[in-house]
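Chemist: Shown below is the structure under consideration.
The values are calculated or read from the model by the stated rules, or taken from the named source; none is laboratory data. Nothing here was measured: the structure is a model prediction, and the numbers come from that model. Positions of Cβ are backbone-derived with ideal geometry, glycine not excepted, and every protein chain shown enters the neighbour counts. Ligands, DNA and RNA are stripped out before the accessible areas are found, and what is left, the full protein with its side chains, is counted by its heavy atoms. Shrake-Rupley method; radii C 1.70, N 1.55, O 1.52, S 1.80 Å.
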Amino acid sequence: MKFNEYKINDALFLQRCFDLAKLGEGAVAPNPMVGAVVVYQSKIIGEGYHQVYGKAHAEVNAINSISSELKYLLPQSTLYVSLEPCCFFGKTPACTDLIIQSKIPKVVIAALDATPEVSGKGVEILRKHGVEVIVGVLKKEGDTLVRPRTVFVQQNRPYLILKYAQSKDGFIGRQNERLIISHLYTQRLVHKWRSEVDAILVGTNTALLDNPQLNNRLYFGKSPIRLVLDKSGRLPKNHHILDDSQPTLIFTAQQKIPSGHAQTEWVNLDFSEYFLANLLTELHHRKIGVVLIEGGRKLLQSFIDANLWDEARVITANKHLNYGVKAPLLPNSPSFVQPIYRDELAVYYNQYLNYQLSSFT
């Protein structure tokens, strides 16, 4: 009975870590979302999460949140953390050092960190200093939470989310015609998604036809970096993409690069058959951790055909188009489907990549 109660408590406190971690969504990549709580006799005395990339980690914020009159309880407390504590000095000091200095006797971890500099070393260091470490409680949930980071460090590219809306009869639009397929409520959800990623990518034809702003004006929070493919410089100067209102990267094959923009940068890219790999290498180099790919059809399908995608969010609107541009073809069935007001959302995960990533631990 005591064993079962102990396990239930571990799961409850780690679930709190997951909930805290998600508060950092859209602000910490390419670092992982991480949450931590400090527990004394089944009561949380401190909690925190990784809030901003390059700033204090979850463990630091959790320990620092403890009131001064309760700090003496640390040597009798348990630290719960959704991800293995870091053990090297990067942009911030190693969290393992703080845990050891704080004399915390026990740490419960959901998932190991795939970052090469950590990858089990954090657990090893803590155990060498006499800390009891339990790993793997709610492991699946922990691995899922940090999947974008795992992709970033294992495959040296951003986590890629495909997104598109289609009609009931499987069309995403019509040639040379701008159409809004989904309901306004669903459009707001898409803008929420934009606030949770680092960047949003569209191809040249989508930028030309739709003249999109690619911000999250229908939701609060920051707008993503705009990424646009414009191989031969076809975008008109009066398009929203070139309004310099938010950070924007234009990938082009032109030799003459425009200047005089504060937030818009033109980046030379090799548009050969390896251009997707070249693009992702550049984004990884710029530490862009999560990218939402919004179209068009040719660009989306090119990522699918190259098996360069991790997640797909497909909105099916409650309407028929009868003819037009066919929606991309995904290779597997959705992981789940749910109604979104009058529309329907299907979410897909790249099963092959999930198998590869799950083999880490």
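Chemist: When both residues are 6+ apart or on different chains and their Cβ atoms are under 7 Å apart, which pairs have a first residue that lies in segment 90-108 and is over 18 Å from S119 (Cα atoms), and a second that is of a type in the set (D, E) and crowded, with 16+ Cβ neighbours inside 10 Å?
Modeler: Sorted first by the residue in segment 90-108, then by its partner, the pairs are L98/E59.
Chemist: Tally up the residues in segment 161-182 that are closer than 10 Å to G324 by Cα and in a strand (DSSP E or B), please.
Modeler: Residues that pass the stated criteria total 5.
Chemist: Scan segment 278-312 residue by residue and report those that are of a type in the set (K, R) and part of a loop (DSSP other than H, G, I, E, B).
Modeler: Listed by number, the residues that qualify are R286, K287.
Chemist: Still on this model: Looking at segment 49-76, which of its residues are over 19 Å from the mean Cα position of the chain (by Cα) and open to solvent by less than 20 Å² (accessible area, probe 1.4 Å)?
Modeler: E59, A62, I63, I66, L73, L74 - these are the residues of segment 49-76 that are over 19 Å from the mean Cα position of the chain (by Cα) and open to solvent by less than 20 Å² (accessible area, probe 1.4 Å).
Chemist: Of all residues in segment 320-361, how many are at pLDDT 90 or above, outside any strand (DSSP E or B) and surrounded by 17 or more Cβ atoms within 10 Å (Cβ to Cβ)?
Modeler: 6
Chemist: Does G48 count as touching a Gly at 6+ places or on another chain (Cβ under 8 Å) and assigned to a strand (DSSP E or B)?
Modeler: yes
Chemist: Right, here's the next one. Of all residues being assigned to a loop (DSSP other than H, G, I, E, B) and aliphatic (A, V, I, L, M) in segment 77-108, which is farthest from the chain's Cα centre (by Cα)? Just the residue, please.
Modeler: If we take residues in segment 77-108 being assigned to a loop (DSSP other than H, G, I, E, B) and aliphatic (A, V, I, L, M), then I104 is farthest from the chain's Cα centre (by Cα).
Chemist: For segment 211-277, which fully contained strands (runs of 3 or more DSSP E) count at least 2 residues that are surrounded by fewer than 19 Cβ atoms within 10 Å (Cβ to Cβ)?
Modeler: 264-268
Chemist: If you take the residues of segment 150-163 that are open to solvent by less than 30 Å² (accessible area, probe 1.4 Å) and closer than 13 Å to I288 by Cβ, which of them is nearest to the chain's Cα centre (by Cα)?
Modeler: So, considering only residues that are open to solvent by less than 30 Å² (accessible area, probe 1.4 Å) and closer than 13 Å to I288 by Cβ, the one nearest to the chain's Cα centre (by Cα) is Y159.
Chemist: Output the qualifying pairs, or none if there are none: Cβ atoms under 6 angstrom, residues six or more apart or on different chains, first residue in segment 12-39 and touching a residue at least 24 places away in the same chain (Cβ under 8 Å) and at negative phi, second residue surrounded by 19 or more Cβ atoms within 10 Å (Cβ to Cβ) and among the basic types (K, R).
Modeler: Close Cβ pairs satisfying both conditions: P32/R149.
A quick yes/no check of all residues on (1) in contact with an Asp or Glu (Cβ under 9 Å, 6 or more places away or on another chain); (2) closer than 17 Å to A110 by Cα:
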| position | (1), (2) |
| --- | --- |
| R127 | no, yes |
| I134 | yes, yes |
| K139 | no, yes |
| T144 | no, yes |
| T150 | yes, yes |
| Q154 | no, no |
| L160 | yes, no |
| S167 | no, no |
| R174 | no, no |
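Chemist: Give segment 307-319 a look and list any residue that's at pLDDT 95 or above and open to solvent by 20 Å² or more (accessible area, probe 1.4 Å), or say none.
Modeler: N307, L308, R313, T316
Chemist: Kindly establish whether D198 is of a type in the set (D, E, K, R) and surrounded by 19 or more Cβ atoms within 10 Å (Cβ to Cβ).
Modeler: Yes; evaluated as a whole, the condition is true for this residue.
Chemist: Also: Go through segment 77-97 residue by residue and tally those that are at pLDDT below 95 and polar (S, T, N, Q).
Modeler: The number of residues fulfilling the criteria is 2.
Chemist: Do you know which residues across segment 287-306 are surrounded by fewer than 16 Cβ atoms within 10 Å (Cβ to Cβ) and of a type in the set (D, E, K, R)?
Modeler: Across segment 287-306, the qualifying residues are K287, K298, D305.
Chemist: Continuing with this model, one more query. Name the residues in segment 118-149 that are open to solvent by 30 Å² or more (accessible area, probe 1.4 Å), under 25 Å from L23 (Cα atoms) and not β-branched (V, I, T), would you?
Modeler: S119, G136, L138, K139, K140, E141, D143, R147, P148, R149
Chemist: For G122, only one of the following conditions fails: (1) touching a Gly at 6+ places or on another chain (Cβ under 8 Å); (2) under 24 Å from Y53 (Cβ atoms). What is its number?
Modeler: Tallying (1) touching a Gly at 6+ places or on another chain (Cβ under 8 Å); (2) under 24 Å from Y53 (Cβ atoms), G122 fails exactly one: (1).
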